[in-house]
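Below: one structure, written as structure tokens.
The values are calculated or read from the model by the stated rules, or taken from the named source; none is laboratory data. Fair warning: this is a prediction, and the values are worked out from it, not measured in the lab. Here the Cβ positions follow ideal geometry from the backbone for every residue, glycine too, while neighbour counts run over all protein chains shown.
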Amino acid sequence: MKTLIEKTSDKLVKAFLKNKIIAPIPSRFTKKIKEAQKLRKLCESKIKEPVVGFKAAGTGIPVIKKLKEKEPFYASIYKRNVLKSGKRVKINKSTLGIELEVYYQIKKSFFSSKGSITMKNISKYISHMGTCIEVVGYRQRKKGITSFGDLCSDFGANVKFLVGQKKKYKRINIGNLKTNIANKKINQSVNGNTKTVYINPLNSLRFVLNKVKKDKINLNKNFLVFTGSTVGVVPIKSKGLYTGKIDKLGSAKAIIN
């Protein structure tokens, strides 16, 4: 007989692979982040598709405090969910919204590094950086966020990443860049700042890399890290073109269907 966590992971994995929506999973896997992490890792172990990187989630410090958590979490990102800027994304009633993020491309030499990743040594592992739009949502018929476990258990609630042009990495004041995401057709515009991302996106990257190291993951190739939203979760009020811009980094676009 399969255990409840095995059955639940099978359902979530099938929903992920078939792009289907299922009934909400039992709350025992979502209330506490520890249980949600177990489920996420079990689900990810069952997907035999290329992983191209990782995402940081729950990076807003006010949200961390509100939900009484200690830190963000991370999840694996599969090749199937990464698109070029300007592509179309189909949404459903379980889509939570849209986010605007800084992403980094990390050299595979990271996997052979010794010791912790710090703000002093992190730069030598970064090759490129850029702007990304993430569409977030569940594979379950549910709305809203009551805990980090809601998001974590469901593959970090990542639907698609629309990746803008890569720029060669250089150190800039990444902790204080103005950001904006907008749908001009309906006059929806939300401003943000990179300082809302777990102190700053570079610190968020450091957090993810150390978690990946701790979990002894080795992709043996260059990979991407998406560092968390600079504008929170912006509701998708209408279909059409959303454009996200980050000062000094560039833009990314998503056509929502």
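Picking from residues in segment 43-62 that are touching a helix residue (DSSP H, G or I) at 6+ places or on another chain (Cβ under 9 Å) and surrounded by fewer than 17 Cβ atoms within 10 Å (Cβ to Cβ), the one that is nearest to Y198 (Cα to Cα) is I61. Taking residues in segment 131-148 that are within 22 Å of L249 (Cα to Cα) and touching a residue at least 24 places away in the same chain (Cβ under 8 Å), and partners anywhere that are assigned to a loop (DSSP other than H, G, I, E, B) and not aromatic (F, W, Y), the pairs with Cβ atoms closer than 6 Å and at least 6 places apart or on different chains are T131/G164; T131/L249. Taking (1) assigned to a loop (DSSP other than H, G, I, E, B); (2) in contact with a helix residue (DSSP H, G or I) (Cβ under 6 Å, 6 or more places away or on another chain) in turn, G232 satisfies each apart from (2).
Looking only at segment 1-21, residues that are under 21 Å from the mean Cα position of the chain (by Cα) and either surrounded by 12 or more Cβ atoms within 10 Å (Cβ to Cβ) or on the phi < 0 side of the Ramachandran plot (or both) come to 10 in all.
Of the candidates N121, N81, the single residue that is among the polar types (S, T, N, Q), modelled with pLDDT of 95 or more and under 25 Å from S251 (Cβ atoms) is N81.
Rundown of residues vs (1) buried (at least 21 other Cβ atoms within 10 Å of the Cβ); (2) part of a strand (DSSP E or B), yes/no style:
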position: E101; (1), (2): yes, yes
position: S116; (1), (2): no, no
position: H128; (1), (2): no, yes
position: K143; (1), (2): no, no
position: G156; (1), (2): yes, no
position: F161; (1), (2): yes, yes
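Looking across segment 212-222 at every residue that is touching a strand residue (DSSP E or B) at 6+ places or on another chain (Cβ under 7 Å) and in a loop (DSSP other than H, G, I, E, B), the one that is nearest to I77 (Cα to Cα) is identified as L219.
Let's see how each residue does on (1) under 23 Å from Q105 (Cβ atoms); (2) assigned to a loop (DSSP other than H, G, I, E, B); (3) out of contact with any Phe, Trp or Tyr (no Cβ under 9 Å at 6 or more places or on another chain); (4) acidic (D, E):
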residue: S189; (1), (2), (3), (4): no, no, yes, no
residue: N210; (1), (2), (3), (4): yes, no, yes, no
residue: L224; (1), (2), (3), (4): yes, no, no, no
residue: T227; (1), (2), (3), (4): yes, no, no, no
residue: K237; (1), (2), (3), (4): no, yes, yes, no
residue: K245; (1), (2), (3), (4): yes, no, yes, no
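For segment 179-205, a residue qualifies if it is among the charged types (D, E, K, R) and either surrounded by 22 or more Cβ atoms within 10 Å (Cβ to Cβ) or in contact with a strand residue (DSSP E or B) (Cβ under 6 Å, 6 or more places away or on another chain) (or both), and exactly one does: K185.
Of all residue pairs spaced 6 or more apart or on separate chains, those with beta-carbon atoms under 6 Å, a first member in segment 94-115 that is within 30 Å of I22 (Cβ to Cβ) and modelled with pLDDT of 95 or more and a second member that is surrounded by 20 or more Cβ atoms within 10 Å (Cβ to Cβ) and among the acidic types (D, E) are E99/E134; E101/E134. Scanning segment 1-51 for residues that are touching a residue at least 24 places away in the same chain (Cβ under 8 Å), assigned to a loop (DSSP other than H, G, I, E, B) and of a type outside the set (K, R) yields I21, A23, P24, I25, T30, I47, E49, P50. In summary, D150 fulfils each of the numbered conditions (1) more than 19 Å from the chain's Cα centre (by Cα); (2) of a type outside the set (A, V, I, L, M); (3) over 22 Å from V52 (Cα atoms) with the single exception of condition (1).
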